[in-house]
Amino acid sequence: MGALRPWPGRPLRMAGVLDDAEISRVLAIMAHPDDVDFSAAGTVARWTEAGLEVTYCIVTDGDAGGFDENFPRAEMPALRRAEQVAAAKCVGVHDVRFLGYPDGRVEATLDLRRDLARVIRQVRPDRVLCPSPERFYARIGVSHPDHRAVGSAALDAVYPDARNPFAFPELRERESLAAWIVREVWIAAGPDAADHYVDVTDTFGRKLAALRAHESQTGHMDDLADRIRTRLATLAQRAGLPDGRLVEGFRVLDTS
Ligand SMILES: [Zn+2]
């Protein structure tokens, strides 16, 4: 059994998802403004309603997004940051941090891993939410290259970077940031690889409000509510829930 222990001295937790009552803080690491709202805002609303503190770390400013060709591109980063901050408030999140990487050109570099390890050590979350590093062929938009790069770097930052005091020693020596072990990672997986579902029927309205706050991305979508409802209802059917329920899906990893 000793060889199976992921870190010396840590008890091995067997399969299962941590109860929210055991959790104080959650850090959502996402590539673009709006990613967390499309994939998980109903779940985030449930967490904040249960008293969990949730922080967002958005790697890019979404400066390659939007549909209005007349809108000045130089103003897009500030607009999208403001939209994400407003969306966060809709689901009870008041701590939103941006890393300012260029939209569409994110790679899972050592610099990104260090920047994410820094935020993990600052926030000290029990649970991290991030995109999948995998490519899904069924719905290509889910596996945007920035999503995959951020998913990969986030998992590397969780293990080993944030918890290894000798990884990126400048974080400890210059910024006094102690090593931190994230106990659990939730990958926003959608229908492709989910093994855990959260019933978001009661927080669907808050998720929709958050999505509408991304006016530059969703303002032209007259069918936004129907589109999202259909997607979450289909997932609920797959999860075996009765008609009328809505769920978001995740793949949950024990990283303790
Ligand atoms: Zn995205």
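The values are calculated or read from the model by the stated rules, or taken from the named source; none is laboratory data. Computed from a prediction, not measured in an experiment: that's the story for all the values here. Cβ placement follows ideal geometry from the backbone for every residue including glycine, while neighbour counts extend to all protein chains displayed. Areas reflect the complete protein model, heavy atoms only, side chains present, ligands, DNA and RNA absent. Shrake-Rupley method; radii C 1.70, N 1.55, O 1.52, S 1.80 Å.
Only residues that are open to solvent by less than 40 Å² (accessible area, probe 1.4 Å), outside any loop (DSSP other than H, G, I, E, B) and not aliphatic (A, V, I, L, M) were counted across region 121-147, and they come to 7.
Residues are listed down the side, and each one gets a yes or a no for (1) under 14 Å from Tyr56 (Cβ atoms); (2) surrounded by fewer than 20 Cβ atoms within 10 Å (Cβ to Cβ); (3) touching a residue at least 12 places away in the same chain (Cβ under 8 Å):
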residue	(1), (2), (3)
Leu110	no, yes, no
Ala149	no, no, yes
Pro165	no, yes, yes
Pro169	no, yes, no
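Only a single criterion out of (1) in contact with a Gly (Cβ under 9 Å, 6 or more places away or on another chain); (2) under 25 Å from Gly62 (Cβ atoms); (3) in a helix (DSSP H, G or I) is not satisfied by Arg118, namely (1). Candidates Ala193, Ala209, Ala153: the one that is more than 23 Å from Gly66 (Cα to Cα), surrounded by fewer than 22 Cβ atoms within 10 Å (Cβ to Cβ) and touching a residue at least 24 places away in the same chain (Cβ under 8 Å) is Ala193. Counting only residues that are free of Cβ contacts under 8 Å to residues at least 60 places away in the same chain, aliphatic (A, V, I, L, M) and either on the phi > 0 side of the Ramachandran plot or touching a strand residue (DSSP E or B) at 6+ places or on another chain (Cβ under 7 Å) (or both), region 62-92 holds 1 of them. Enumerate the pairs (first residue in region 221-238 and over 16 Å from Val198 (Cα atoms); second residue anywhere and outside any helix (DSSP H, G or I)) with beta-carbon separation below 8 Å, excluding pairs fewer than 6 apart on the same chain, so at least 6 apart or on different chains. Hits for this filter: Arg227/Met221.
Filter region 18-60 down to residues that are within 12 Å of the ligand (Cβ to nearest atom) and in a strand (DSSP E or B) and give me whichever is surrounded by the most Cβ atoms within 10 Å (Cβ to Cβ). Steps first, answer last, please.
To start, the set of residues in region 18-60 that are within 12 Å of the ligand (Cβ to nearest atom) comprises 30-39, 58-60.
Those still in the list that are in a strand (DSSP E or B) too: 30, 58-60.
On the way: Met30: 27, Ile58: 27, Val59: 29, Thr60: 25.
Top of the filtered list is Val59.
Residue check: is Phe136 under 22 Å from Ala41 (Cα atoms) and among the aromatic types (Phe, Trp, Tyr)? Against the criterion (under 22 Å from Ala41 (Cα atoms) and among the aromatic types (Phe, Trp, Tyr)), Phe136 qualifies.
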